[in-house]
Amino acid sequence: MIDPARPSADGIVRHGFGLKSEVQGELTAAYHSELVSRIREAGHRWQIGAIELRLAKEFGFCYGVDKAIDFAYETRRRFPDRRIFLTTEIIHNPRVNQRMLEMDIRFLAGRYADGASFDDLTADDIVLLPAFGFEVAQLERLRAIGCLLVDGTCGSVVHVWKRVERYAREGFTSLIHGKWRHEETIATVSHVTAQGGHYLVVFDREEAERVCEFIRSGRGAAGLAADFRPALSEGFDFERHLKRIGVANQTTMLSSESLEIARMIGAALQERWGADQLKERFRSFDTICNATQERQDAVIELMADPPDLMLIVGGFNSSNTTHLREIAERHCPTYHIEEVDGLISPTQIRHKPAAGEPLLSEDWLPTRRPLVIGLSAGASTPNRVVGEVIERLEAFESRLG
C-alpha cells in the first residue's frame with residue numbers, strides 16, 4: 001500500500017499527504033457555492049426576474065485542478081512552519097493564486113513572484129509543482145538542491161509527456177498543437193528534448209497548413225524556420241525532421257482543432273510518401289483531455305439554442321477558458337470576464353475580447369425582457385466565483401426592476 005506522505009523512488013511526493021479530509025473544510029469555504037449547487041439540482045436553469053440563466057452542464061474545476069489545489073493545502077497543513085514555493089502559478093486563476101499567497105506559499109516565477117529565485121532555495125524548502133507540470137531542467141535543478149518536491153501535475157499532462165517521449169525514442173518529431181509560451185507546452189517540449197528528440201509547435205490550422213504545404217512540396221524551409229523560430233527545437237531541420245511526425249496537443253486547446261490538425265498532417269504525409277508508408281511516418285495521439293472536451297461540448301450544447309448573450313468566467317491567461325469563449329462567440333455576443341468585479345454595472349463590463357488586452361465595454365446587458373443569459377467557466381474557475389457572478393446578475397436585475 002502506498003504511503004501518501006512518503007516520496008517515491010525519485011524523491012517526489014505524488015500522492016499528497018493523506019490529509020484531504022482534514023483540509024476539506026478549508027477547500028469548501030474557499031471555493032464551493034451553495035447557489036451553484038442549487039442551480040445544478042434545478043436542471044442548470046435559473047430564473048432571475050425576467051432573465052433566464054442557462055448554466056452549462058460541465059464547467060469549473062476539473063480533476064487536475066482539484067488535485068493541484070488539494071496538494072497545496074495538504075502540504076501547508078503538513079508543514080505549517082516550512083517555507084513552501086510554487087515554480088509558477090498553480091493554475092490560471094487569480095482567486096486561487098491569491099489564496100496561495102495568503103497561505104504564505106511563494107512563487108518563483110510569474111505575475112505573483114516576489115523576487116525569490118531558485119538560487120534562494122535550500123534543502124529545507126518545499127517546492128510545489130503546478131498543474132501544468134515542470135520543465136525537465138527545473139526538476140533536475142530542484143533535485144540537486146535537495147528540496148522536498150510535491151507534484152501537482154495533471155494526469156492528462158503526464159499522459160502527453162509519455163506520448164512525446166515515446167515519439168522521440170522512436171525517431172519521430174513531435175508536432176504539438178499548442179501555445180509555445182504556455183507553461184504546459186514549455187514543460188512538454190522539455191520532455192521531448194530530454195529524450196534527444198525534436199519538436200515543432202503549431203498554434204492553429206493556418207500554421208499547420210503551412211507545415212503541410214512544406215511536407216507536400218519540400219519548398220519554403222527558410223521562411224518557416226524564420227517564422228517558427230521560437231516554436232522549434234534547437235537544430236530543427238525542416239527537410240530532415242518532418243519525414244516522420246507524431247502529433248500531440250496542449251491539453252487545453254480546442255479539441256476539434258487538435259483532431260483536425262492531426263488529420264491534416266497525416267494527409268500531407270500520405271500525399272508526399274504514399275499510403276503504404278504512412279504507418280512508418282505518422283503517429284497520432286489520444287491526448288485530448290476529457291475535462292476540456294466535456295466543457296467544450298457543454299458550451300456547444302448550449303449553442304444549439306443560443307442565448308441572447310454568453311458569459312465565460314475564468315482567468316484571462318487561461319487557455320481552456322479562452323477556447324470556451326471562442327466556441328460561444330460564433331453564435332451570440334460573448335463576454336469573457338475574469339472575476340465577479342468584471343461585472344461593474346448593468347451598463348459596464350470589463351472583459352477580454354479575442355484579440356488585444358482587457359477592455360471596458362458599455363451597454364453590454366440588453367434592457368429587453370425576457371432575456372436569456374448563458375454561463376460557463378473554465379476548468380480553473382472556482383464555483384464560488386461562478387456563484388458570485390450569478391448573485392451580481394441578481395443584484396443588477398433587482399436594481400433595474
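General observations
- Search result, residues across the stretch 310-335 that are assigned to a strand (DSSP E or B) and touching a Ser or Thr at 6+ places or on another chain (Cβ under 7 Å): Met310, Ile312, Val313
- Residues in the stretch 178-196 that are under 18 Å from Arg229 (Cβ atoms) and not polar (S, T, N, Q) were compared, and the one that is farthest from the chain's Cα centre (by Cα) is Val192.
- Identity of the residue in the stretch 259-287, in contact with a strand residue (DSSP E or B) (Cβ under 6 Å, 6 or more places away or on another chain) and at pLDDT below 95, that ends up most open to solvent (accessible area, probe 1.4 Å): Ser284
- Neighbours by Cβ (under 7 Å, 6+ apart or cross-chain): first from the stretch 373-401, touching a residue at least 60 places away in the same chain (Cβ under 8 Å) and under 21 Å from Ala30 (Cβ atoms); second among the acidic types (Asp, Glu) and open to solvent by 10 Å² or more (accessible area, probe 1.4 Å): Val385/Glu339
- Among residues of the stretch 34-59 that are closer than 21 Å to Arg295 by Cβ, those with a beta-carbon under 8 Å from a residue that is open to solvent by 60 Å² or more (accessible area, probe 1.4 Å) and of a type in the set (S, T, N, Q) at least six positions away or on a different chain give the pairs Leu53/Gln47.
- Subset of the stretch 332-371 [hydrophobic (A, V, I, L, M, F, W, C) and open to solvent by 30 Å² or more (accessible area, probe 1.4 Å)]: Ile344, Ala354, Ala355, Leu359, Leu360
- Restricting attention to the stretch 113-123 and to residues that are more than 23 Å from the chain's Cα centre (by Cα) and not hydroxyl-bearing (Ser, Thr, Tyr), the residue that is most open to solvent (accessible area, probe 1.4 Å) turns out to be Asp119.
- The C-beta contact set for the stretch 76-90 (first residue within 15 Å of Glu184 (Cβ to Cβ), second residue outside any loop (DSSP other than H, G, I, E, B) and open to solvent by 20 Å² or more (accessible area, probe 1.4 Å), distance under 7 angstrom, 6+ apart or interchain) comprises Thr87/Gln138; Thr88/Glu183.
- Condition met for Gly110 (modelled with pLDDT under 95, open to solvent by 10 Å² or more (accessible area, probe 1.4 Å) and outside any strand (DSSP E or B)): yes
- Inspection of the stretch 347-358 finds no residue satisfying the criterion of being closer than 16 Å to Leu53 by Cα and out of contact with any Lys or Arg (no Cβ under 8 Å at 6 or more places or on another chain).
The values are calculated or read from the model by the stated rules, or taken from the named source; none is laboratory data. In this text, all values refer to a predicted model and were calculated from it rather than measured experimentally. A quick note on method: Cβ atoms are made from the backbone with ideal geometry, for glycine too, and the neighbour counts reach across all protein chains shown. What goes into the accessible areas is simple: the full protein's heavy atoms, side chains included, and nothing from ligands, DNA or RNA. Shrake-Rupley method; radii C 1.70, N 1.55, O 1.52, S 1.80 Å.
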